[in-house]
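Reading through the structure tokens given below for one structure.
The values are calculated or read from the model by the stated rules, or taken from the named source; none is laboratory data. This structure is a prediction, so every number in the text was calculated from the model and none was measured. With ideal geometry, Cβ positions are generated from the backbone for all residues, glycine too; neighbour counts draw on all protein chains shown.
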Amino acid sequence: MKTNDVILKTTSHVVFFIIFLFSIHVFLAGHFAPGGGFVGGLLTSSAIVLLLLVYDIKTVQKLLPINYTIMTASGLVLALGTASIGMFMGKPFFKHYFDHFYLPLIGDTELHTAMLFDTGVYLVVVGVTLTIIQSIGGDD
Amino acid sequence: MKMMSNFLLLPIIIPFFFGMLLMFAPKNIRFQRIGAMTGLSIAVVAAIVLLFKVKNEGPQVVTFGDWPVPFGITMVSDMVSALLVLTSVILAFFTVWYSIAAIGKERESFFYYPGILFMVTGVNGAFTTGDIFNLFVFFEVLLMSSYLLIVLGGEKAQLRESIKYILVNVISSALFVITVAYLYSVVGTLNMADISVKIADIQQPGIITVIAVLFLIVFGLKAAIFPLFFWLPSSYAAPPIPVLALFGALLTKVGVYAITRTYTLFFVHDMGFTHELLMILSVLTILAGCIGALAYFDVKKIIIYNIIIAVGVILFGVSQMNDNSLTGAMFYLIHDMLIKAALFFLVGIIIAVTGTSDLRKMGGLMKTHPALGWFYLIAAFGLAGIPPLSGFIGKLLIVRGGFEAGNLWGSLWILLSSLVVLLSVIRIFIYAFWGKEKGPLQPVDKGYYRMMFIPTIILVVLTVFYGVGSEWITPFMQDAGNILNNPSVYTDAVLKE
């Protein structure tokens, strides 16, 4: 018997984007408020896990054709690269730089290199979580 | 802040970076091999340069993120750490070289080399860090990678043993964090130099001694001291030989290093209790190792039990806490890392040639593989410490240190254990190389045989140089022994910039 999952499918189309956008919000909130790459990454993965629940692995693969191993590796490279900036400037490893910039629409914004590092963390967390979930959940 | 003090991070960062690169194309075996070899050779060069830098300029210190010292995470490369880092990258290099022939394509295309590189990152980080919590983090890095390496391949024995291995390590890691929290609640700092100074200030009250024993349990589980070695022999026997060589040569030594560091830097004010305990445990460790080394007919098991004996010998040296014994312990530690890897490589070739790891089914290899036999004999003599080979000086200094500290029986026990060690490895020689052939040899491809044999020979020759050239190595070891014996050298380097 085919299960009727119309409600699940319909709501997931909306809920996926809510979770995803919220994860980006949490990720960006990270520097001064609770949040950051790790939590943001986990939330994003949970949004994708919702899709995996509603559809199957193949559909989600088609929807988001991402190689999560490479995603993890790029995240690591980005994080290490950001941490090494200090080494090339004659400062200790992991030295943190920031400054104020005037961005159109947003106005005066403080930009940190910690943000780049966190992006790396974000990519690693999403990559690793989904690799684990796919290899446990994917039976072939 | 000295310029270029970031240099000490290179032996940690380079393997890490190459491990990441290898993750981009896990199925391209050529890329994997070349990437791993290149990364590790660059790391070896960096580690050699670092060693001489430390020799000439004294301990190198860098604190992450430009934070002031007791607050930021400090990385300290003193002579002890520089020597260990160099040895670990050299061993990783040879293991990768040996693996190309020995490990098989399935594993190579499933993150085997990234696993090794990340493990080296963790090992070097653990040797270098000057922050006790960061030590935990690096322990986790190397353990994660070792979980991958021990289970990779998914043979029945591997799956069974990896559960045991993971369980033991998860429990000891949990205990590690708890112990660090205890220590933090007493001294209020995580910076190792700062902890050393603070403990000296409060003259090590009872609670600190309790924490010292807890640390001994935590690191003892990893270093396999008596009675916490129970998990080691069967777990290490499960993965293939190159992984076993890497584990046997590096992982237990990280535990030994951690005990050495904490027992020479922190807990030096109640030696009547802590170091006495360490000495008793190390003597019992040697006893347990000796029994195991003689009891088995499995070549892997014999060498694995020899790891346990060596751990006991090194820690006995540490427990004596004088210049000679500490220099000897450093000498012996490096010797043991090199020789154990060489022996595992040799045993791996013997197993590949005969197709069995049971001594009783081997024999007569001397006729067909004379070179293998002679190199095995050299390595075996080196392990037992026959002069002028590599194990001799270290053991001599440890025993002399033991006599100086007035521990006659312990020192005699070390000497006696050398005979047992010699007997246990010569048994392999007698069974495997003498006598008649006991069965058809495995057809091993000539090219593959050479690929395994060449790194092995070079490593054995390296250990011979380590013994014969000890005159030249001694100044480095004395520096290392000196820094272990005088915590103020370490703390001054970190705290007074």
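Key figures for this structure:
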| item | result |
| --- | --- |
| Qualifying residues in the stretch A:85-99 (those that are within 9 Å of chain B (Cβ to nearest Cβ) and within 24 Å of the chain's Cα centre (by Cα)) - the one nearest to B:L21 (Cα to Cα) | A:F94 |
| Elements of type helices (runs of 4 or more DSSP H) in the stretch B:428-497, at least 3 residues being more than 21 Å from B:A342 (Cα to Cα) | B:470-485, B:487-495 |
| Subset of the stretch A:52-81 (residues that are part of a helix (DSSP H, G or I) and more than 12 Å from chain B (Cβ to nearest Cβ)) | A:L52, A:L53, A:V54, A:I57, A:K58, A:T59, A:V60, A:Q61, A:K62, A:L63 |
| Selected residue (criterion: nearest to B:L167 (Cα to Cα)) from residues of the stretch B:194-222 that are touching a residue at least 40 places away in the same chain (Cβ under 8 Å) and surrounded by fewer than 22 Cβ atoms within 10 Å (Cβ to Cβ) | B:I217 |
| Residue in the stretch B:195-205 that is of a type in the set (A, V, I, L, M, F, W, C) and under 22 Å from the mean Cα position of the chain (by Cα) present | no |
| Counted residues, the stretch B:347-399 - those being hydroxyl-bearing (S, T, Y), in contact (Cβ under 8 Å) with a residue 60 or more places away in the chain and in a helix (DSSP H, G or I) | 2 |
| Boolean, B:T179 is crowded, with 21+ Cβ neighbours inside 10 Å, at pLDDT 95 or above and over 25 Å from B:P242 (Cα atoms) | yes |
| Residues of the stretch B:90-107 satisfying the condition of being in a helix (DSSP H, G or I) and out of contact with any Ser or Thr (no Cβ under 9 Å at 6 or more places or on another chain) | B:I90, B:L91, B:A92, B:T95, B:V96, B:W97, B:S99, B:I100, B:A101, B:A102, B:K105, B:E106 |
| Residue satisfying condition, being more than 14 Å from chain A (Cβ to nearest Cβ), crowded, with 21+ Cβ neighbours inside 10 Å and of a type in the set (A, V, I, L, M, F, W, C), within set B:V76, B:V62, B:V85 | B:V85 |
| Lone qualifier among B:A371, B:A380, B:A405 - being over 29 Å from B:A329 (Cα atoms) and modelled with pLDDT of 90 or more | B:A371 |
| Criterion: outside any helix (DSSP H, G or I) and not β-branched (V, I, T) - qualifying residue of B:F133, B:F118, B:F138, B:F110 | B:F110 |
| Test: residue in the stretch B:100-108 that is buried (at least 19 other Cβ atoms within 10 Å of the Cβ), small (G, A, S), over 21 Å from the mean Cα position of the chain (by Cα) and over 21 Å from B:P239 (Cα atoms) | no |
| Some residue of the stretch B:18-32 being closer than 20 Å to B:P455 by Cα, within 20 Å of the chain's Cα centre (by Cα), surrounded by fewer than 22 Cβ atoms within 10 Å (Cβ to Cβ) and more than 7 Å from every other protein chain (Cβ to nearest Cβ) | no |
| Any hit, the stretch B:98-111, residues being touching a helix residue (DSSP H, G or I) at 6+ places or on another chain (Cβ under 8 Å) and within 14 Å of chain A (Cβ to nearest Cβ) | yes |
| Filter result (surrounded by fewer than 19 Cβ atoms within 10 Å (Cβ to Cβ), in contact with a strand residue (DSSP E or B) (Cβ under 9 Å, 6 or more places away or on another chain) and not hydrophobic (A, V, I, L, M, F, W, C)) within the stretch A:58-116 | A:H96, A:Y97, A:D99, A:H100, A:Y102, A:D108, A:T109, A:E110, A:H112, A:T113 |
| Residue list for the stretch B:357-377, restricted to those being under 22 Å from B:C290 (Cα atoms) and crowded, with 22+ Cβ neighbours inside 10 Å | B:Y376 |
| Sole exception among (1) in contact with a helix residue (DSSP H, G or I) (Cβ under 8 Å, 6 or more places away or on another chain); (2) among the aliphatic types (A, V, I, L, M); (3) surrounded by fewer than 17 Cβ atoms within 10 Å (Cβ to Cβ) for A:L52, by number | (3) |
| Which listed residue, of B:G439, B:G469, is exposed (fewer than 14 other Cβ atoms within 10 Å of the Cβ) and more than 24 Å from the chain's Cα centre (by Cα) | B:G439 |
| Flag for B:N56 being within 12 Å of another protein chain (Cβ to nearest Cβ) and either in a helix (DSSP H, G or I) or free of Cβ contacts under 8 Å to residues at least 12 places away in the same chain (or both) | no |
| Residues of the stretch A:117-132 classified as of a type in the set (S, T, Y) and surrounded by fewer than 18 Cβ atoms within 10 Å (Cβ to Cβ), total | 1 |
| Residue identified as surrounded by fewer than 16 Cβ atoms within 10 Å (Cβ to Cβ), touching a residue at least 24 places away in the same chain (Cβ under 8 Å), closer than 24 Å to B:P59 by Cβ and not small (G, A, S) among B:P487, B:P475 | B:P475 |
| Some residue of the stretch A:64-84 being more than 17 Å from the chain's Cα centre (by Cα), more than 30 Å from B:M75 (Cα to Cα) and modelled with pLDDT under 90 | no |
| Condition met for A:V128 (within 30 Å of A:T11 (Cα to Cα), in contact (Cβ under 8 Å) with a residue 24 or more places away in the chain and touching a Lys or Arg at 6+ places or on another chain (Cβ under 7 Å)) | no |
